[in-house]
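For reference, the structure discussed in these notes is given below.
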Amino acid sequence: MEPILEVKKLTMDFGGLRALDHLDLDVVEGEIVAIIGPNGAGKTTFFNCITGMFDPTEGDMLISPPGKNRERINGLKPNHVTEKGMARTFQNIRLFSNMTVLENVMIGRHCRMSSGVAGAVFRGRSTVEEEKEVVRYSYDILEKIGLTEYVNEFAKNLPYGAQRRLEIARAMATEPFLLLLDEPAAGMNPQETRELDDLIVRIRDEEGVSILLIEHDMKLVMSLSDRIFVMDYGKKIAQGTPDEVKNNHVVIKAYLGEEFDA
């Protein structure tokens, strides 16, 4: 099966620092894939490259959205990457704090709207109908994510775990084929983490969206992932199933620790 995301020899230099060193990685449709590694391993830099925030020094980034032709995404701007079907969340929450929960999701929907500046100014029938559809679509997403109780609440007033889920809801509004989650469990308590685990699996199983996540919570990673890639100093040092990774002596020495027990 052809990967929906394939990265070949991806390299990213910042002056004399090599943050990514000829990294190879792929995601197949329907998978939940995790990237793990110590702080500074290059995980978020990798996300920033494939989402257009950084222009890599070398390498190829290729996508094959279901039902569409394979395409190289090197050089695309972040908004164009999103339009192609890859949406992300961030390690540090980036919500519009003084906008409502519904409005935050509606903003995510913007890339799928056809009305331009003229439509916004003259408010024709098609523009009004499209705006109504955006509201309906956004509310449906909040139902699926479990946030309808907060629909008219300002984002800044939500509990921390709900803010994390709102970021995921906003990303889902773009209709991604691949959802990129950067440390989605960071700062969550055990109950919130369990709810996140269930949510990610439901997004894959019910919405047909593949998942690529960066995460330090090893119990979450081991319970969720079909495959795991392990990074250290910008390089891939291992890959495999959760059982293969947790029993890999190179991974244990570099990251998991001798006493690791999933």
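Inspection of the stretch 9-20 identifies at least one residue that is on the phi < 0 side of the Ramachandran plot, among the aromatic types (Phe, Trp, Tyr) and in a strand (DSSP E or B). Residues considered: Leu220, Leu158, Leu178, Leu166. Of these, the only one that is closer than 29 Å to Asn98 by Cα, of a type in the set (A, V, I, L, M, F, W, C) and without any contact (Cβ under 8 Å) to a residue 60 or more places away in the chain is Leu158. Quick check on Thr127: is it in the same structural domain as Phe47 (by TED's automatic domain parsing), among the hydroxyl-bearing types (Ser, Thr, Tyr) and modelled with pLDDT under 95? Answer is no for this residue. Once the stretch 133-155 is narrowed to residues that are in a helix (DSSP H, G or I) and touching a residue at least 40 places away in the same chain (Cβ under 8 Å), the residue that is farthest from Asp205 (Cα to Cα) is Ala155.
Quick grid of which residues meet (1) in the same structural domain as His216 (by TED's automatic domain parsing); (2) under 20 Å from Ile237 (Cα atoms); (3) assigned to a helix (DSSP H, G or I):
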residue	(1), (2), (3)
Thr45	yes, yes, yes
Cys49	yes, yes, yes
Gly52	yes, no, no
Asp55	yes, no, no
Gly59	yes, yes, no
Leu62	yes, no, no
Gly67	yes, no, no
Leu76	yes, no, no
His80	yes, no, yes
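Of all the listed residues (Leu181, Leu166, Leu199), the sole one being at pLDDT 95 or above, in a helix (DSSP H, G or I) and in the same structural domain as Leu25 (by TED's automatic domain parsing) is Leu199. Beta carbons closer than 8 Å, at least 6 apart along the sequence or on distinct chains, pair a first residue in the stretch 6-22 that is within 13 Å of Asn48 (Cβ to Cβ) with a second that is surrounded by fewer than 17 Cβ atoms within 10 Å (Cβ to Cβ) and polar (S, T, N, Q) for Met12/Thr57; Leu20/Thr11.
The values are calculated or read from the model by the stated rules, or taken from the named source; none is laboratory data. Computed from a predicted model, the values in this text were never measured in an experiment. Using ideal geometry, Cβ is built from the backbone for each residue, glycine included, and neighbour counts are taken over all protein chains shown.
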